Amino acid sequence: MQVEIWSDVVCPWCYVGSARFAKALAAFEHHAGVRVVHRSYELDPEASAAGVDVLTVLAQKYGVSREEAARREVGVAEAAHGEGLPYDGGSADAPGRRHGSTRDVHRLLHLAGDLGVREDLTDGLMRAHFGGEAATLGEGGIFDREVLLDLVSRHGVPRRRAEEVLDSEAYLVDVRADQQLARDLGITAVPTFVLNRRFGVSGAHPPEALLQAMEKAWRLPEC
């Protein structure tokens, strides 16, 4: 069975959903027969490449104050902590993590896929971004080239190879292909889990719900 996962490393519910899916997969009786394919999805394709303070972005998006934006982060933080994940929601009176274009990040994730370390890199980048480590490495977090290169080199991607990708348009066609496929399948939000191209599950559902979905897909005849 194939499970395709569309996600973005700056999507907090993708961060939570990834941990929940991992728990569901570990509990799935036929987990050895599951092929997981990670696919790119840009949460905000028009975002600044350099990144800006996420609370400013949320406040503008929802028409609320920074204080209210910070309060909305509490619920996500609680969900993340419930899955054993680090999560730094920031505060209204101080810059927090950044939000920006993840196109280059996705290109590096495709490189990681060719090297067989995409899942590890995805998890590592999400933990560094949401847990606050990326911000301590540089003000721009994962949107700072040097910070990003440092992080990917920790997760099996040679720094020189990553630099070559960033200095070119390598893997851009792959990122665009994933996003076109998402549009073709009617995917408009992430995380979305597509099982054997038979049906999809959108959102960071509890592990029990994701496990039920896998059990259902396993029983269905292949197309």
Problem set entry | Ordering of 166-179, 5-18 by packing [mean C-beta count within 10 Å, highest first] | 5-18, 166-179
For this session: Taking amide H positions as placed in the peptide plane 1.01 Å from N, state which residues far from H38 in sequence (5 or more) or on other chains have amide H under 5 Å from it.
Result: I5
Problem set entry | Cα coordinate range in segment 2-219, projected on the principal axes (Å, largest first) | 51, 40, 31
For this session: Might you report the magnitude of the Cβ-based charge dipole of segment 1-120 about its Cα centre, with Lys and Arg at +1 and Asp and Glu at -1, to the nearest 20 debye?
Result: 140 debye
Exercise. Arranged from highest to lowest average of other beta-carbon atoms within 10 Å per residue, in what order do the peptides 191-199, 125-133 appear?
Worked result: 125-133, 191-199
For this session: Report Rg (one decimal) and Dmax (nearest whole number) for segment 1-83, counting Cα atoms only, units Å.
Result: 16.1, 48
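Every read-out reported here was derived from the displayed coordinates using simple, explicitly stated rules and does not represent laboratory data. Treat the numbers as computed from the prediction; the structure is a model and nothing was measured. Cβ sites come from the backbone with ideal geometry, for glycine too, and all protein chains shown count toward neighbours.
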